[in-house]
Amino acid sequence: MTSKIVQDMIVERRLDKVGPNAKQAGLMLRSCMQHLETADQRAGGDPSGCYALLYDATRKAVAAHMLFHGLRVTSRPGAHAAVVAYAEAELAAIGDDHLAHLDRMRRTRNDTEYEERPVTEAEVRNDLVHARFLVQAITRTLFPPKKKETR
């Protein structure tokens, strides 16, 4: 069941209903893990680029959660803010305190993209912790590890 906030976002055409696609969601989550690995490896050499990667990984993980449940953000101004609103409404139970950083990460990424604000390696390392937690939590929620049979 989706929250009232998400239902309102559908009515406002910030989100569209689509066919649920678990396979594509899984592929997206694998891509997210690759983004995080690259951001971790290159944080000292290209912090701004790595920040964009870690934010994109987190955004794509939320988009994978949407797709798994038959939703997608509409392509119009405010799309990234809609991803954050969806995450805050639907992922609070799994997001822990890390979810509280998502909108700030979005704004930081916007500043680096549009204002050429430099990002430090320390900022990348700090937010990589939040991004990694959220991507892993979404992955575990959508694709729980299979329990081993005991004999």
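Bear in mind these aren't lab numbers, they're just calculated from the coordinates by the rules spelled out. Only a predicted model underlies this, so the values are computations on that prediction, with no experimental measurement involved. A quick note on method: Cβ atoms are made from the backbone with ideal geometry, for glycine too, and the neighbour counts reach across all protein chains shown.
Apply the Karplus curve 6.51 cos²θ - 1.76 cosθ + 1.60, θ = phi - 60°, to the phi angles in region 37-48 and return the couplings in whole Hz, x for Gly and Pro.
The phi angles translate into 4, 5, 4, 5, 5, 10, 4, x, x, 8, x, 5 Hz.
Name the long-range amide H neighbours of Val119: under 5 Å, sequence gap of 5 or more, or other chain; modelled H, no Pro or chain starts.
Ser48
Once label points are set 7 Å from the Cα along Cα→Cβ at both Asn110 and Val11, what is their separation, rounded to one decimal in nm?
Using points 7 Å along Cα→Cβ, the separation is 2.5 nm.
Residue-wise, which Karplus ³J(HN,Hα) couplings in Hz belong to region 61-68, taking 6.51 cos²θ - 1.76 cosθ + 1.60, θ = phi - 60°, and x for glycine or proline?
5, 5, 4, 5, 4, 4, 4, 4
Would you calculate a helix-derived [θ] at 222 nm for the chain, using -39,500 (n - 2.57) for each DSSP H run of n ≥ 4 and dividing by the full residue count, to the nearest 500?
-22000 deg cm²/dmol
What length, rounded to one decimal in nm, is gained on full extension from Gln41 through to Asp97, with 0.36 nm per residue of separation minus their alpha-carbon distance?
17.7 nm
Taking N as the number of residues in region 1-81, what value does Rg over Cα atoms divided by 2.2 N^0.38 Å take?
The value comes to 1.24.
Over the Cα atoms, compute the radius of gyration (one decimal) and Dmax (the largest Cα-Cα distance, rounded to a whole number) for region 4-142, in Å.
Cα radius of gyration and Dmax of region 4-142 are 14.5, 44 Å respectively.
Going by the alpha-carbon gyration tensor, a ≥ b ≥ c the square roots of its eigenvalues, is region 52-131 rounded (a/c under 1.5) or, if a/c is not under 1.5, prolate (a/b greater than b/c) versus oblate?
oblate
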